[in-house]
1. Provide, for q = 0.13, 0.16, 0.17 Å⁻¹, the log10 of I(q)/I(0) from a solvent-free Debye sum over equal Cα point scatterers in the chain.
2. Name the residues whose placed amide hydrogens come within less than 5 Å of the amide hydrogen of Ser122, ignoring near sequence neighbours (fewer than 5 apart) on the same chain.
3. Between 0 and 90 degrees, rounded to the nearest ten: what's the tilt of helix 98-108 against the longest Cα principal axis of the chain?
4. Within segment 19-71, report the chymotrypsin sites (Phe, Trp or Tyr not before Pro) that DSSP leaves as loop and that have at most 12 other Cβ atoms within 10 Å.
5. In degrees between 0 and 90, to the nearest 10, how far off the longest principal axis of the chain does helix 189-209 point, with axes built from Cα atoms?
6. Compute the length gained on full extension between Tyr23 and His206: take 0.36 nm times their separation in residues and subtract their Cα-Cα distance, giving the result in nm to one decimal.
7. Mind checking which lysines have their C-alpha under 29 Å from Lys29, skipping anything on the same chain fewer than 8 residues away?
8. Hey, what angle do you get for helix 54-66 against the long axis of the chain, alpha-carbon based, 0 to 90 degrees rounded to 10?
Amino acid sequence: MKSRRFWTVLFVLVFLISLLFQYRFPIAKGLGSFLAKKDPLEKCEVIFAPASRIETNFVYATHLLKEGWGDRLVATVPKLAPVTKRFQETYGLMNCSWVSILRQVFGKEKFPSEKLVILEDSTSSFSDCKLLYAHWKKHPFQSLIVVTDAPHARRFRMVLDKVFADADVKILSCPSFPGRPLEDFFADEEDYVMYVFSEYIKIVAHAVKY
């Protein structure tokens, strides 16, 4: 009897796992829509583009700035790994850094340079938020729009709310290019599926930690 029950349970588990695997992409799409936290837009002092997927965050943040949703743009850029830095220095590519690229993009959009602040050496979402908090301590603002890729929006907002818990700052979440399907931000379906499930794991880890 026990042996029969064991095989029945094993068969059900294998069936469920195979079903989840077969429909992993539509399941991830459904779960991914929850991750794309979005608040109604209001005029704010600062628009923030964090380093995660900076190429879309920064472009959409400049769009919001052009539309008049903010007074200035603050962006973080990732810290270079030593091997990447050595490669750029060896081949004279330091002018291809994220800082120089963002400044060129900002200039091409005809914005005055004083409307852009770039915070360097981000290593994670928490690092992004700590860099922004340090900037706020020196240059206080009361309202903020944070622009990040849609599947990252909810977790990033959780981290940002934690870092700014003692600050009287109104924070609004705005996924970059909200009209695009979430999977457009990824190379393929498998990349999207892995990202969505990893975000849920990180959300659980954040909830447990804090």
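1. Ignoring solvent entirely, the Cα scatterers give -0.79, -1.10, -1.21.
2. Amide H neighbours of Ser122: Val77, Lys79.
3. Rounded to the nearest ten degrees, it is 60.
4. On the way: sites: Phe21, Tyr23, Phe34, Phe48, Phe58, Tyr60, Trp69; in loops: Tyr23, Trp69.
Passing sites in segment 19-71 are Tyr23.
5. 80 degrees
6. Working: separation 183, 0.36 × 183 = 65.88 nm, distance 2.73 nm.
Difference between extended and current length: 63.2 nm.
7. Candidates past the 8-residue exclusion: Lys37, Lys38, Lys162, Lys202, Lys209.
8. For helix 54-66, the angle is close to 50 degrees.
Coordinate-derived values only; no laboratory data. Everything quoted here is computed from the prediction, not taken from an experiment. When we count neighbours, we look across all protein chains shown, and the Cβ atoms used for this are built from the backbone with ideal geometry, even at glycine.
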